[in-house]
Amino acid sequence: MIPIRFGTDEEFQRVRQLFLDHGFTDEEVSKRYEEGRNPFLPYGKPNHLPAESDAQEALIGLFLKSASTTREHLLALFGSQGVTSLERLGLLQTSADGRLQGSVRIRPMFELYIISDHWLPAEHRDQGFADDVVFPPDTKNALTYLPFLPLFPCQRYLEVCGGSGAAALIAAKNFAQHAYSFDITERSTAFAQFSSRLNGISNFTARQGDLYEPAGDLTFDRIAAHPPFVPVLDHTWTFHAGGQDGEQITRRLIQELPSYLAPGGRFYCRCLGSDREEGPMEVRLRRWLGAHQAEFDIALAVIQTLDPAGYVSTSLLRSQSGTEELSRWKQFFDRARIYRFLACMIVIQRRAEPRTVFTARREHGPYSGPQELEWLIQWETLRAKGEARQMVLHSKLKAGPVELTMRHTPGDGDWEMQGQVLSVKHPYRSSWEVEPWAAYLLPKPAGKMTGLDVYRHFVEQGALSPETPIEAFADALAELVSGGFLVPDTHPHPTPKKHPWNTGE
Ligand SMILES: C[S@@+](CC[C@H](N)C(=O)[O-])C[C@H]1O[C@@H](n2cnc3c(N)ncnc32)[C@H](O)[C@@H]1O
């Protein structure tokens, strides 16, 4: 049953105004909502609204906490016109005990009202969730997806597996000429379209269908996806089940991408991937792009790694279904040969002009986030276009937040150096074994010398043969920049910030 009703523009406007008049806004709700509670866990337990609740508390209770109250209470707070406005759009429903409650969840965020279904803590879901439940835009995973999506202007924006359509709504409101949200369920599609009306957004279209199927001949400059990616033995919910390996939907999204991503466009996907004996994730992603792979760059940011055995034991504990499941999981892992799960952000960029393409994989450090991802993509694109060379030669350089570790073993009467390893934690966590010259070079420019100065200085000092082509030297510097070890003033590191998705140092 879809409870919402598509009213007239005036009816939507009235409800929007009612929300604003009573402080049901992003800013006000965040203040109260997050007080003393994990902001990532939407509250879902049905309860009674205290009789003394004011209008703002009542709206928060009805639409975020699935609380119920009496009609008299709502009439006293919003008047009969207010209650009628909410009812006209189907936003109120009668609970089992004859009280009124919000029929949907409404989250004011990003200066929008985004509707979804009420959410339930994991332990109550078996009884409470229909297969097509609409995923809220503020779960922990959604909040590790939306902030990674860039906000620079584009023409056609698509959120595929759109659910509430949050990413597409943000795009339509802020920077896209037109934004689309596609979802396989009728319920999510209706909810997303309703949200666009509730926010008075007209450059937005929600369509129902399997992945890109509703696109027809359209192509898009940016595509965002947060598909169902949880590995499951049997189907759970449409928002959740990613097949046994969790990649069932992600794989199809990438295999079909070449028909829908416009040249110069980018695809962002928050999902669970895996490293397997057949190849690490980034190599498998490239294979999925098939005959078109030479047109696409790939950046893979690994937020967290998970051991498959650990995943299975947690899942078994949750389902308490014991040994039968265990043997099915074992059979599956023996077949798929997965040795690591990756909670990750994938970015796939279609080149706009003929050039070589890049594949970059990085592990999150304690401060990695959206700015670091953009930093990486921009630098790798400059390298792939051949523009990074001139940049490093003509920019002032300095060392990044790097540590050098030297490895020695006893040799013929003395220590013999076996290797030098550079390590950084920001922008990403990287440890690279490097040639001695690279380690020697790093502290030298100290923000005062350009790449060209360093080249000349090294040649003068005899540390570098004058035969060394300057292009090769510049490429080596550009690679050190890519690892985060060297920083040109024209491509500085983002300022390190704490993010909730990174744990540990
Ligand atoms: C994890 S939810 C994410 C929703 C939303 N993008 C967000 O981040 O809040 C995954 C969504 O994918 C949709 N979905 C699942 N299979 C799909 C398919 N084959 N084609 C299109 N959408 C699908 C589900 O209905 C659900 O809304």
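The values are calculated or read from the model by the stated rules, or taken from the named source; none is laboratory data. Just so we're clear, the structure is a prediction, and the values are computed from it rather than from any experiment. Note that each Cβ is placed from the backbone with ideal geometry, even for glycine, and that neighbours are counted across all protein chains shown. Ligands, DNA and RNA are excluded from the accessible area calculation, which covers all protein heavy atoms including side chains. Shrake-Rupley method; radii C 1.70, N 1.55, O 1.52, S 1.80 Å.
Quick notes on this structure:
- Top-ranked residue of region 369-413 - restricted to ones that are among the polar types (S, T, N, Q) and in a strand (DSSP E or B), ranked as nearest to Asn141 (Cα to Cα): Thr405
- Filter result (surrounded by fewer than 17 Cβ atoms within 10 Å (Cβ to Cβ) and assigned to a loop (DSSP other than H, G, I, E, B)) within region 257-279: Glu277, Glu278
- Residue in region 340-363 that is at pLDDT 95 or above, crowded, with 19+ Cβ neighbours inside 10 Å and assigned to a helix (DSSP H, G or I) present: no
- Region 167-203: number of residues that are closer than 20 Å to Phe6 by Cα, within 14 Å of the ligand (Cβ to nearest atom) and of a type outside the set (Val, Ile, Thr): 15
- Hey, Glu186 crowded, with 23+ Cβ neighbours inside 10 Å and in contact (Cβ under 8 Å) with a residue 24 or more places away in the chain or not: no
- The residues in region 233-244 that are within 16 Å of Phe333 (Cα to Cα), without any contact (Cβ under 8 Å) to a residue 40 or more places away in the chain and hydrophobic (A, V, I, L, M, F, W, C) can be counted, and the count is 0.
- From the options His426, His394, residue that is open to solvent by 20 Å² or more (accessible area, probe 1.4 Å), of a type outside the set (A, V, I, L, M) and modelled with pLDDT of 95 or more: His394
- Scanning region 226-255 for residues that are within 11 Å of the ligand (Cβ to nearest atom), open to solvent by 20 Å² or more (accessible area, probe 1.4 Å) and out of contact with any strand residue (DSSP E or B) (no Cβ under 7 Å at 6 or more places or on another chain) yields Trp237, Thr238, Phe239, Gln248, Ile249, Arg252.
- Count of region 403-423 residues, restricted to those that are open to solvent by less than 70 Å² (accessible area, probe 1.4 Å) and without any contact (Cβ under 8 Å) to a residue 24 or more places away in the chain, is 6.
- Cβ pairs under 7 Å, 6+ apart, first in region 492-505 and farther than 19 Å from Leu143 by Cβ, second part of a loop (DSSP other than H, G, I, E, B) and among the hydroxyl-bearing types (Ser, Thr, Tyr): Pro496/Tyr367
- Boolean, Thr144 is surrounded by 20 or more Cβ atoms within 10 Å (Cβ to Cβ) and at pLDDT below 95: yes
- Residue within region 63-72 that is more than 23 Å from Arg32 (Cα to Cα), touching a strand residue (DSSP E or B) at 6+ places or on another chain (Cβ under 8 Å) and surrounded by 19 or more Cβ atoms within 10 Å (Cβ to Cβ) present: no
- Within region 437-467, the set of residues being over 38 Å from the mean Cα position of the chain (by Cα), open to solvent by less than 70 Å² (accessible area, probe 1.4 Å) and over 26 Å from Met406 (Cα atoms) comprises Leu452, Asp453.
- Among (1) within 33 Å of the chain's Cα centre (by Cα); (2) within 17 Å of His491 (Cβ to Cβ), the one test that Gly369 misses: (2)
- Only listed residue being at pLDDT below 95 and of a type in the set (S, T, N, Q), chosen from Gln81, Gln127, Gln155: Gln127
- Per the conditions (1) assigned to a strand (DSSP E or B); (2) open to solvent by less than 70 Å² (accessible area, probe 1.4 Å), the sole criterion not satisfied by Phe473 is (1).
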